[in-house]
Amino acid sequence: MGEIEIRPYDGGCKAEMLSDIAAFWAAHYLTVTLEDSEGDLKAWTAEGHELYVILAGGKEAGFLHMGSRGGACDWLEDVFVREELRGQGIGGRAIELAWEMLREKGLETMYLEVVPANEAAIRLYHKLGFTNLNTLTLSRSVKKKAQLGTETIGGLTFRTYRPNNG
């Protein structure tokens with residue numbers, strides 16, 4: 001694996017970044033077009049956002065997207081490690097590097113949101129010292145979705161879904 005580093009995205013590896021963005025959404029059960037990935041890339045490199053290429057041993061391994069929503073904090077919006085490289089500590093180290101950069105800028109907090117079904121990510125974030133703020137993000141959509149299961153929170157049972165791409 002080698003040394004892990006994050007480098008600001010400079011447009012030099014656009015095809016790989018677009019491919020990684022599409023793979024990121026596929027991991028979230030969404031199918032995106034090249035145009036969709038281009039739109040995300042544009043948004044993730046706009047003012048208030050920072051997009052980084054994750055390098056493992058000098059080779060591209062994924063990306064990390066940070067966003068500013070104001071205050072003395074930044075948000076870890078998205079982190080993606082290519083499937084064949086997962087489980088090697090790359091994502092965790094990339095998050096730690098982003099945390100170090102935030103602290104150097106004088107920021108005090110890194111926030112993130114994660115769906116309860118993403119247990120591997122939750123375990124990683126717990127290991128890295130993130131705490132649960134007990135906030136819930138709920139959604140309602142007119143699009144038909146495939147139900148994954150249910151979760152009981154505060155005595156209420158919610159259905160968990162993934163988008164239906166069929």
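Taking all protein chains together and rolling a 1.4 Å probe, ILE122 ends up with roughly 70 Å² accessible.
Using a probe radius of 1.4 angstrom, the carbon and sulfur fraction of the accessible surface of the chain is 49%. Once all protein chains are placed together, PHE80 keeps about 10 Å² accessible to a 1.4 angstrom probe.
Only protein heavy atoms count here; on that basis, with a 1.4 Å probe, MET66 has an accessible area of about 10 Å². Counting only DSSP H runs of at least 4 residues, each contributing -39500 (n - 2.57), and dividing by the residue count of the chain, the helix-based mean residue ellipticity at 222 nm comes to -9000 deg cm²/dmol. The largest accessible area among ARG93, ARG103 belongs to the first residue in ARG103, ARG93, and the rest follow in falling order (1.4 Å probe, all chains).
If you run the Gaussian network model on the chain, springs between alpha carbon atoms under 10 Å, then out of THR109, THR152, THR131 the most flexible one is THR152. Computed over the alpha carbons of the chain, Rg followed by Dmax gives 16.6, 50 Å.
The values are calculated or read from the model by the stated rules, or taken from the named source; none is laboratory data. These figures come from a predicted structure and were not determined experimentally. In case anyone asks, the SASA skips ligands and DNA or RNA and just uses the protein heavy atoms, side chains included. Shrake-Rupley method; radii C 1.70, N 1.55, O 1.52, S 1.80 Å.
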